[in-house]
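The values are calculated or read from the model by the stated rules, or taken from the named source; none is laboratory data. Note that the structure is predicted; figures quoted are calculated from it, not measured. All Cβ positions, even for glycine, are placed from backbone atoms using ideal geometry, and neighbour counts span all protein chains on display. Accessible surface is based on the protein model in full, side chains and every heavy atom, while ligands, DNA and RNA are left aside. Shrake-Rupley method; radii C 1.70, N 1.55, O 1.52, S 1.80 Å.
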Amino acid sequence: QVQLVESGGGLVQAGGSLRLSCAASGRTEGYYYMGWFRQAPGKEREFVSAISRSGGSAYYAESTKGRFTISRDNAKNTVYLQMNSLKLEDAAVYYCAASMRNVPIRSYEYDYWGQGTQVTVSS
């Protein structure tokens, strides 16, 4: 079992920044990729970003490239998502997830999920 706890969400004005954190605990060995997804009301959960275990490879949704940066600190079992230049359409519940698959960008490729953290963007 792997437990994931997100934090760092909140209310921010458009153009502002937030940094989300995801702390992993439990049997994290073997979970190669960590990812972030988001889900806005009435919409499907969508891929935001993913990072390999070493941190050497990172992937982003087109809508977040150049604005979001994913990173991880394996000594702390924590993954981060730095979000800059936030837009109204970035508002959603953001979920952290863990996967044993290689380059997982679809939600079904992830095995464990956090409870989510709300990001609200105001105009």
Here, Gln3 and Asn102, labelled 7 Å along Cα→Cβ, have an inter-label distance in nm of 3.3 nm
Accessible-area ranking of Arg27, Arg53, largest first, probe 1.4 Å = Arg27, Arg53
Would you compute, for the Cα atoms of the chain, the largest minus smallest coordinate along each principal axis and list the three values in descending order, in whole Å?
-> 42, 28, 23
Tell me, what is a quarter of the convex hull surface for the C-alpha atoms of the range 62-106, in nm² with one decimal?
-> 4.1 nm²
What nm distance separates the two modelled labels at Ser63 and Ser25, each placed 7 Å from Cα along Cα→Cβ?
-> 3.2 nm
Within the accessible area of the chain (1.4 Å probe), percent carbon and sulfur = 47 percent
Just tell me which aspartates and glutamates come within less than 16 Å, Cα to Cα, of Lys65; anything on the same chain fewer than 8 places away is out.
-> Glu46, Glu89, Asp90
By DSSP, what percent of the beta bridges with both residues in the chain are antiparallel, rounded to the nearest 5?
-> 90 percent
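May I ask you to give the solvent-accessible area per residue for the range 18-91, in square angstrom, as obtained with a 1.4 angstrom probe?
52 Å²
Based on the mean of other Cβ atoms within 10 Å per residue, sort peptides 100-110, 31-41 so the most packed one is first.
Per-residue Cβ counts within 10 Å, averaged per peptide and sorted highest first, yield 31-41, 100-110.
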Alpha carbon centre of the range 87-123 versus the range 26-61: separation in Å?
-> 7 Å
Expected field for Glu6, accessible surface area in Å² at 1.4 Å probe radius, rounded to 10, holds 10 Å²
